[in-house]
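To start, the structure under review is shown below, and the notes come after it.
The values are calculated or read from the model by the stated rules, or taken from the named source; none is laboratory data. The structure displayed is predicted, hence computed values, not measured ones. No Cβ is skipped: glycine too gets one built from the backbone with ideal geometry, and neighbour counts run over all protein chains shown.
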Amino acid sequence: TSNVQTAEEFASSPERQYFRSKSKFDAEFRRFSLDKAELSRYEEFCRLIEKFHNIGEVPFSLCYTDPIHGDLLPINNDENFARAVQSARPLLRLLIQRKGDSREELNGFGAPGATRKKRFLGQYLLPAGVRTARPALSISLPEDFRQVSSIIDVDVVPDTCRRVRLVKHGSDKPLGFYIRDGTSVRVTPHGLDRLPGIFISRLVPGGLAEGTGLLAVNDEVLEVNGIEVGGKTLDQVTDMMVANSSNLIITIRPANQCSVGTLPRRGSFGRSSQMSHGSHNSNPSVVSDDDRLDEDEIRDHTAGFEGLDETPPRSTHDGVITL
């Protein structure tokens, strides 16, 4: 059976099973419709494009136009191909370009000749004694990139807090941070009130959490995937994070408040949670300056977690849970 539908067959078939596409290669245009159920892999889609435009021997790159913002986005793996198919409302607009003819390569990014042009120009601009031979670095275009973190719900989360999404994409690599139980100071009408809380105690060097730059030591964890951690034990919070480790959404109160309050608003989307509706009116809290002086209960739960090659040395005030 063929994945390609004619105009008559497309009109008589359920629209939800097919998506329409219009592709452009040089001055050549093609219109076709494809079955969503039968076509789910990027390689299969590329073979169909090669067949439609008869470019089997031509290396090419594939992009599509975002129907919302009009951006030209790449298609180079199964994930962004699936996202492109979802955006086909009602038409998926494709742009097929020869390798080396894309806008990024024409501007010098990923083009092998970009460094040669700079050297050619430099030999006339620099004095004779300043000329130095440097090895040329080849910067290629990204082929298989995916989002690993984002700041979400900036319109509903209080300015003193931050909601972070961490995505592992099926990797066995740990999230790369330790958590501990401690105490925080909340400002109440009756004065300062010390309450138990969950904090990030350490970031694993080279881990996912450190690479995002969105989490820091002593950040207080307020929610895990929309569920408040207030009143829960360290083991319960750990179980919540492990269960949602593939797509973890945590709401934190950063220890460094200078890093919050000036977040971008474009592209955020709403997500209902207990904090979004009920915690706006709650009193703010700050990390106690005496946290390091308090003797927190230390429990070793790191033995059951795998994927961490090096375990940092523990102290009497540091993390007890590795994620």
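Numerical summary
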item	result
Residue selected from segment 27-55 under the condition modelled with pLDDT of 85 or more and among the aliphatic types (A, V, I, L, M), by the criterion surrounded by the fewest Cβ atoms within 10 Å (Cβ to Cβ)	Ala27
Meets criteria (at negative phi and over 20 Å from the mean Cα position of the chain (by Cα)) for Ser171	no
Test result for Ala216, within 21 Å of the chain's Cα centre (by Cα) and within 24 Å of Thr183 (Cβ to Cβ)	yes
Check on Thr212, under 25 Å from Thr233 (Cβ atoms), of a type in the set (S, T, N, Q) and assigned by TED's automatic domain parsing to the domain that holds Ala243	no
Close pairs from segment 171-195: first farther than 12 Å from Val221 by Cα, partner of a type in the set (S, T, N, Q) and modelled with pLDDT of 90 or more, Cβ under 6 Å, at least 6 apart	Arg194/Thr183
Members of segment 189-206 that are crowded, with 19+ Cβ neighbours inside 10 Å and in a loop (DSSP other than H, G, I, E, B)	Val204
Of the criteria (1) surrounded by fewer than 19 Cβ atoms within 10 Å (Cβ to Cβ); (2) at pLDDT 90 or above; (3) more than 25 Å from the chain's Cα centre (by Cα); (4) of a type outside the set (D, E, K, R), which one Gly182 fails	(1)
Among the candidates Arg194, Arg165, residue that is assigned by TED's automatic domain parsing to the domain that holds Asp153, farther than 25 Å from Ser246 by Cβ and either in contact with a Ser or Thr (Cβ under 9 Å, 6 or more places away or on another chain) or not hydrophobic (A, V, I, L, M, F, W, C) (or both)	Arg194
Of the criteria (1) within 25 Å of Val167 (Cα to Cα); (2) at pLDDT below 85, which one Asp66 fails	(2)
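Every residue, every condition in (1) crowded, with 17+ Cβ neighbours inside 10 Å; (2) on the phi < 0 side of the Ramachandran plot; (3) part of a loop (DSSP other than H, G, I, E, B); (4) of a type in the set (Lys, Arg), yes or no:
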site	(1), (2), (3), (4)
Leu214	yes, yes, yes, no
Glu223	yes, yes, no, no
Asp235	no, yes, no, no
Met241	yes, yes, no, no
Ile250	yes, yes, no, no
